[in-house]
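Okay, so here's the structure we're looking at.
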Amino acid sequence: MSKRLALAAAALLAGAAPAFAHVGTEAHNSFFSGFTHPLSGLDHVLAMVAVGLWAAQLGGRALYAVPAAFVGAMAIGFALGSQGFAMPFVEPAILASVVVLGLVVAAAVRLPLAASAGLVGLFALAHGAAHASELGSAGALTFALGFVAATALLHAAGIGLGLVVGQGAGLGQKAGSAVARVLGAGTAVAGVALMMG
């Protein structure tokens, strides 16, 4: 069963590669355009999957509270941005989220639940503001519902992947934990590469 879950998570992540590319603002007019937006940039995909991986490492209430904090804060960032509030340093904050979230997974950092939720929420504000900046002529509600759904699925993929490797995935729990840390380190390295690119 765990092999099937790992394959499903890998298929979802492969499908979420930046093949969609950011579409022009004139195309932002539907749930679909909102749904594809988080999938259109590697920075978004990596950060959102890392949130799920970290939530799986933390376990307990963090399993749902940390991703929920990200989604909630992202919605707030989107609402502020769509009302004209200009958040500074949005793109650097998004890239920093990839590096920092990758590092917390790599180090298996254990923070209190409120601090974990606060950390992801801080980065989520920038992700939400970025979505707002590309809203174009779309209906804000349908666009927002789309990117919230995609974000939740990316978090779920990260949680599924984290649970599978955390339970060993046939390798033993210690080796599984090491795999999760390697995934986190790879995320952080990819974030640094995106910053330099």
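The values are calculated or read from the model by the stated rules, or taken from the named source; none is laboratory data. Keep in mind that this is a model prediction, so the values were computed, not measured. For neighbour counting, all protein chains shown are included, and Cβ atoms are generated from backbone atoms with ideal geometry for every residue, glycine included.
Here are the numbers for this structure:
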quantity: Failed criterion for A157 (all others in (1) aliphatic (A, V, I, L, M); (2) more than 24 Å from A62 (Cβ to Cβ); (3) under 17 Å from the mean Cα position of the chain (by Cα) hold); calculated: (2)
quantity: Single residue of region 28-38 satisfying the filter (surrounded by 23 or more Cβ atoms within 10 Å (Cβ to Cβ) and in contact with a Leu (Cβ under 9 Å, 6 or more places away or on another chain)) that is farthest from A114 (Cα to Cα); calculated: H28
quantity: Number of positions in region 72-91 that are in a helix (DSSP H, G or I) and either without any contact (Cβ under 8 Å) to a residue 24 or more places away in the chain or under 18 Å from the mean Cα position of the chain (by Cα) (or both); calculated: 9
quantity: Test for A150: is it small (G, A, S), in contact with a Ser or Thr (Cβ under 8 Å, 6 or more places away or on another chain) and part of a helix (DSSP H, G or I); calculated: yes
quantity: Residue check for A68: farther than 21 Å from V179 by Cα, over 12 Å from the mean Cα position of the chain (by Cα), part of a helix (DSSP H, G or I) and at pLDDT 95 or above; calculated: no
quantity: Every residue from region 101-116 that is touching a residue at least 60 places away in the same chain (Cβ under 8 Å) and out of contact with any Ser or Thr (no Cβ under 9 Å at 6 or more places or on another chain); calculated: A107, S116
quantity: Subset of region 144-157 (residues that are under 12 Å from Y64 (Cα atoms) and in contact with a Leu (Cβ under 9 Å, 6 or more places away or on another chain)); calculated: A156
quantity: M48, sole failed condition from (1) of a type in the set (A, V, I, L, M, F, W, C); (2) in contact (Cβ under 8 Å) with a residue 60 or more places away in the chain; (3) surrounded by fewer than 23 Cβ atoms within 10 Å (Cβ to Cβ); calculated: (3)
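To keep it simple, each residue is scored yes or no on (1) under 26 Å from G160 (Cα atoms); (2) among the hydroxyl-bearing types (S, T, Y); (3) modelled with pLDDT of 95 or more.
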residue: G59; (1), (2), (3): yes, no, no
residue: A73; (1), (2), (3): yes, no, yes
residue: G81; (1), (2), (3): no, no, no
residue: V104; (1), (2), (3): yes, no, yes
residue: S116; (1), (2), (3): yes, yes, yes
residue: A132; (1), (2), (3): no, no, no
residue: L135; (1), (2), (3): no, no, no
residue: A140; (1), (2), (3): no, no, no
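Results for (1) of a type in the set (F, W, Y); (2) buried (at least 21 other Cβ atoms within 10 Å of the Cβ); (3) in a loop (DSSP other than H, G, I, E, B); (4) under 18 Å from the mean Cα position of the chain (by Cα), shown as yes or no for each residue.
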position: A93; (1), (2), (3), (4): no, no, no, yes
position: S97; (1), (2), (3), (4): no, yes, no, yes
position: V109; (1), (2), (3), (4): no, no, yes, yes
position: A132; (1), (2), (3), (4): no, yes, no, yes
